[in-house]
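Novice: Quick one: structure below, then a few questions.
The values are calculated or read from the model by the stated rules, or taken from the named source; none is laboratory data. Predicted, not measured: the structure shown is a model, and the values here were computed from it. Using ideal geometry, Cβ is built from the backbone for each residue, glycine included, and neighbour counts are taken over all protein chains shown.
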Amino acid sequence: MPKKKTGQRKKAEKQKLRQKEIRTARDNIALAEHPSNAPMECEKCHRKQKNRAFCYFCASVQRLPICAQCGKMKCMIKTGDCVIKHPGIFTTGLAMVGAICDFCEAWVCHGRKCLQTHACTCPLQEAICIECERAVWDHGGRLFRCSFCNNFLCEDDQFEHQASCQVLESENYKCQSCNKLGQYSCLRCKTCYCEDHVKRKGFKYEKNKALPCPKCGYETSQTKDLSMSVRSHKFGRQMQGAADDDDDYGSSSGYGYYGGTGDDLDDAYSDSCDDYDEEEEEDDNDGTSEEDSSHDEKKAN
């Protein structure tokens, strides 16, 4: 017979499970709510930007730092794991600073735990915008993740990218390996897969979880639940060659309106100009001869 658990034992097990949930929940914090990506306003130039140790625009030192790991602005721990001991004294400002993160460029407090863990768990280690390819040091705005492909986005390209993210790279909704309808779509690869080709042989899939993409491993979603659209072609005048600086009507190798080339358009334009000039000269000559003849008749009378 197993021993009966006491109340103290049950309480300790519940507390252990609760602490484990808190630790795992920290890993699932949204990137916009993380302290290293928090909004900040500069003390001198008053421009809004990401949490930084130095202002991106005027390079002034921020004297009210926010810890990039725990998010605190004031150390009120009397007996804690602080590297610099301050018994009975609350520290604020630069007295609370312990380091600067190389990835997110934000202050880290002098707590031993924050100093040891932030550099390894910083969420902005590989934060490069997928649209403009700028890192944290190249722009002053905050960073976000796309709701569909889960890639990094800067503050300038956030809404424009997400508005056009649900577009497939193909011209139809068929599977990449066969002609069946793609029931599963990968929002990162922009491809569709049928139920037979979305699974790989020899791979163990977890129950009640989304199937990973066979190409990149990102979670797939059902196409019917998404507002996916296919690649479209914009028809019109398509110039195939690079236009010269001195050419006002495009390059000679390009196609113009109604299937004509650039040379045809230039020739037609020059011919029409020459004809127009010749007609004007003829009209001028005719007009002068008629005026002269009428003037001679009046003199004779």
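Novice: Against the condition in contact (Cβ under 8 Å) with a residue 40 or more places away in the chain, charged (D, E, K, R), part of a loop (DSSP other than H, G, I, E, B) and closer than 24 Å to LYS224 by Cβ, how does GLU171 come out, does it pass?
Specialist: Considered against the rule, which asks whether it is in contact (Cβ under 8 Å) with a residue 40 or more places away in the chain, charged (D, E, K, R), part of a loop (DSSP other than H, G, I, E, B) and closer than 24 Å to LYS224 by Cβ, GLU171 comes out as yes.
Novice: Of the numbered conditions (1) outside any loop (DSSP other than H, G, I, E, B); (2) modelled with pLDDT of 80 or more; (3) not aromatic (Phe, Trp, Tyr), ASP264 satisfies every one except a single condition; which is it?
Specialist: (2)
Novice: Might you let me know whether the stretch 152-162 holds any residue that is among the polar types (S, T, N, Q), within 18 Å of the chain's Cα centre (by Cα) and in a helix (DSSP H, G or I)?
Specialist: yes
Novice: Within the stretch 111-124, identify whether any single residue is farther than 30 Å from GLY80 by Cα and either touching a Pro at 6+ places or on another chain (Cβ under 9 Å) or surrounded by 16 or more Cβ atoms within 10 Å (Cβ to Cβ) (or both), and answer yes or no.
Specialist: Scanning the stretch 111-124 turns up no residue that is farther than 30 Å from GLY80 by Cα and either touching a Pro at 6+ places or on another chain (Cβ under 9 Å) or surrounded by 16 or more Cβ atoms within 10 Å (Cβ to Cβ) (or both).
Novice: Answer yes or no: is there a residue in the stretch 121-136 that is under 30 Å from ARG188 (Cβ atoms) and either modelled with pLDDT under 85 or over 17 Å from the mean Cα position of the chain (by Cα) (or both).
Specialist: So far as the stretch 121-136 goes, yes, one or more of its residues are under 30 Å from ARG188 (Cβ atoms) and either modelled with pLDDT under 85 or over 17 Å from the mean Cα position of the chain (by Cα) (or both).
Novice: Residue by residue through the stretch 31-69, note down the ones that are under 27 Å from the mean Cα position of the chain (by Cα) and closer than 16 Å to HIS110 by Cα.
Specialist: PRO35, SER36, ALA53, ILE66, CYS67, ALA68, GLN69
Novice: Are there any pairs with C-beta distances below 7 angstrom linking a residue in the stretch 72-88 that is assigned by TED's automatic domain parsing to the domain that holds TRP107 to a residue that is modelled with pLDDT under 80 and among the charged types (D, E, K, R), with the two at least 6 apart or on different chains, and if so which?
Specialist: Every condition considered, the pairs that remain are PRO87/LYS78; GLY88/LYS78.
Novice: Between a residue in the stretch 43-68 that is outside any loop (DSSP other than H, G, I, E, B) and any residue that is polar (S, T, N, Q), which pairs come within a Cβ distance under 9 Å, given they are 6 or more apart or on different chains?
Specialist: LYS50/SER36; LYS50/ASN37; PHE54/SER60; PHE54/GLN62
Novice: Just the residues that are in a loop (DSSP other than H, G, I, E, B) and either in contact with a strand residue (DSSP E or B) (Cβ under 8 Å, 6 or more places away or on another chain) or crowded, with 18+ Cβ neighbours inside 10 Å (or both), please, taken from the stretch 183-200.
Specialist: GLN183, LEU187, ARG188, CYS189, LYS190, CYS194, GLU195, VAL198
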